[in-house]
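Scroll down for the structure; my scribbles are underneath it.
Here, each number is a calculation from the coordinates, and none is a lab measurement. Remember, predicted model here, so these are calculated numbers, not experimental data. Methodologically, a virtual Cβ is constructed for each residue, glycine included, from the backbone with ideal geometry; neighbour enumeration extends over all protein chains shown.
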Amino acid sequence: MRIEDYALIGDTQTAALVGRNGSIDWLCLPRFDSGACFAALVGTHDHGHWQLAPADGEARVTRRYRPGTLVLETTFTTASGEVRLIDCMPVRDEAPDVVRVVEGIRGRVPMRMDLAIRFDYGAGIPWVRRTDGALGAVAGPDALELRTPVRTHGEAMTTVATFEVAAGDRVPFVLTWHRSHLPAPRPIDALAAVDRTTEWWREWTSQCTDLCRREGHFGDAEAIALRSLITLKALTYAPTGGLVAAATTSLPEDIGGVRNWDYRYCWLRDATFSLYALMLGGYETEARAFRDWLLRAAAGSPHQLQIMYGPAGERRLTETTLEWLPGYEGSSPVRIGNAASQQFQLDVYGEIMDCLHQARRRGVDCDPDVWAFQRAVMDFLEGHWKEPDEGIWEVRGPRRHFTHSKVMAWVAADRAVKATEQFGLDGPGERWRRLRNDIFEEVCEHGFDADRNTFTQAYGRAPLDASLLMIPLVGFLPATDPRVLGTVAAIEDELCDGGFVHRYGEDGLGEVDGLTGSEGAFLPCSFWLADNYILQGRAAEGRAMFDRLVGLANDVGLLSEEYHQGLGRLVGNFPQAFTHVALVNTANNLATTTGPARHRSGIA
């Protein structure tokens, strides 16, 4: 199936991908970054899946989320009738559960269930037995228990059930994970769990403030901005406040290629952007939880700060490949862990400082430890901002003086100055003002090509980079500054293809990041171009770009990281927090910007 054929369900600790065919092809338990018990997404059905669908395989399929929730409804219409498959993961109490209910709508529809449990990303074939009315699967530390009134039987290494559903019938299935050395948790009532999960999400979405209530600016906010906020909430790790970049690993940026990465971790950059989007929706509880997670994860010397951590703040994210998995549509290797966790990326210091500044502006209660942490960040930055780094795109080529990285160092200094000026916090304000000015002058001297009237990817390098679109969004220069206008025009000319933006030029792709192959258009960058249009007073062009990008979302409103124009498909890990953040921010800019030459003091 195509990546966009999947929908997301989750319990704010892990998540599953459900295909249009009723098959759960990806689920890691008990956390986002745990081993997968269903890994067909990056393998074959023999690597684990759980399908519920009409037995004859012929059906018209429509899907939706219950409004304001992450409860998925898939409707199958067949020659003999119509059934609805309801999928959700109740917000966790005792154990992680996947709840599926087959509901008859009209007629009588023969149904079939195929369940292949494979622990450890498809490598572990479990011992399966039936006890106490349940089907149990055990391998190593993991155990799963399936409870359903439907009779099941074994077929090779798959558990099968066939049954018929008539109008008004509701047939429940509950799959529960637990540690294999502990007793199974108490069974839950599937129908009550669906109702409870629906109400939990509706209570959460009811707290959304003006961002989700505006009409007349960008269409149905409930279906656009709010759906993205729900997706971001689904990618949070509730026990700690961390937020993962995506629910998946190794969905390719280049189908059949090697650009396959594990995104089930908390990037400081993505998480700070996500936090800002949630704050736009009024979700201060998430802001506080992430702030506290950040302080714990980054505790220690700032020179040891990592660009990403595990959901609970783990530092060791050793990258390895799973040789037994062929990859999504042959895109190998399949990787777990991420070696980029050890990179030096200067921009994250600016994003951290801006994130905490925005939280302070919105009245998130100030913990004294926050400013102490920020002071330590600034002490480090003052001594290291002149160093080359791997940059926002985590290149696996040589370190460079990336212009975007230096701009974000400027952001760090700017937010530190604002902390002293606007909030009266103690610090060497004059020294930080000099630092801010020094960085500004260096960027304008070494990161700008006067002959072409554009900022460049790195000092002394002619190529362009879509990260330069952030320059006005963070307040480094106004959107109408001639240098910004020239940069936007150059990006339109060199990095835009079919109305979408690539991160950098295709001809220099491997030279920049040290990898073979190509990639799709980068959706967050495309939203950034829309933001630039809006801030330049080109609102109609910004709206057109926004509508074009929103049009790429699948039938339930989800987007991945990139879009491949040649194939007409979404590519990259899915759903991607970075993309949904950009969507929310552009929607906000469309709704709030009334004229040209405005720029925000925070990340757009």
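For segment 229-377, the Cβ-based charge dipole about the Cα centre amounts to some 340 debye (Lys, Arg positive; Asp, Glu negative; other atoms uncharged). Computed from point charges on the beta carbon alone (+1 for Lys and Arg, -1 for Asp and Glu), the dipole magnitude for segment 409-499 about its Cα centre is near 380 Debye. Averaging Cα coordinates gives a centre for segment 527-552 and one for segment 265-292; these two points are 24 Å apart. Across segment 257-318, the relative contact order, built from alpha-carbon pairs under 8 Å that are at least six residues apart, equals 38 percent. Counted by Cβ distance under 9 Å from residue 455, the other residues give a net charge of -1, where Lys and Arg count +1 and Asp and Glu count -1. Only helices enter the 222 nm calculation for the chain: every DSSP H run of n ≥ 4 contributes -39,500 (n - 2.57), and dividing by all residues gives -10000 deg cm²/dmol, rounded to 500. Along the axis of the charge dipole computed for segment 5-90 (Cβ charges of +1 for Lys and Arg, -1 for Asp and Glu, origin at the Cα centre), the listed residues 35, 47, 16 are led at the positive end by 16. The percentage of C-alpha pairs in segment 279-362 whose separation is greater than 16 Å is 64%.
Semi-axis lengths, largest first, of the ellipsoid equivalent to segment 34-109 are 24, 18, 11 Å, with √(5λ) applied to each eigenvalue of the Cα gyration tensor. Under the convention that each Lys and Arg Cβ holds +1 and each Asp and Glu Cβ holds -1, the size of the dipole of the chain around its Cα centre is about 1140 debye.
Computed over neighbours whose Cβ is under 12 Å from that of residue 554, the net charge equals +3, Lys and Arg +1, Asp and Glu -1.
A dipole drawn for segment 230-362 from +1 and -1 charges on Cβ atoms has a positive end, and of 299, 247, 337 the residue lying farthest that way is 299.
Summary of packing: across the peptides 226-234, 447-455, the per-residue average of other C-beta atoms within 10 Å ranks them, highest first, as 226-234, 447-455. Projecting the Cα atoms of 178, 326, 411 onto the charge dipole of the chain, computed from C-beta unit charges around the Cα centre, puts 178 farthest toward the positive end.
Measuring nothing but alpha carbons in segment 227-328 and taking Rh as the Kirkwood radius, the Rg to Rh ratio lands at 1.02. Report note on the peptides 311-322, 75-86, 43-54: ranked by the mean count of other C-beta atoms within 10 Å, highest first, their order is 43-54, 75-86, 311-322.
The local environment of residue 190, defined by Cβ-Cβ distances under 12 Å, has a net charge of -1 under the rule Lys, Arg +1 and Asp, Glu -1. Looking at segment 1-133, the pairs of alpha carbons with a distance over 18 Å make up 56% of the total.
Look at where the Cα atoms of segment 470-501 and of segment 105-148 average out, and the two centres are 52 Å apart. Sorting 278-288, 541-551 by average packing, meaning the other beta carbons within 10 Å per residue, from highest down gives 278-288, 541-551.
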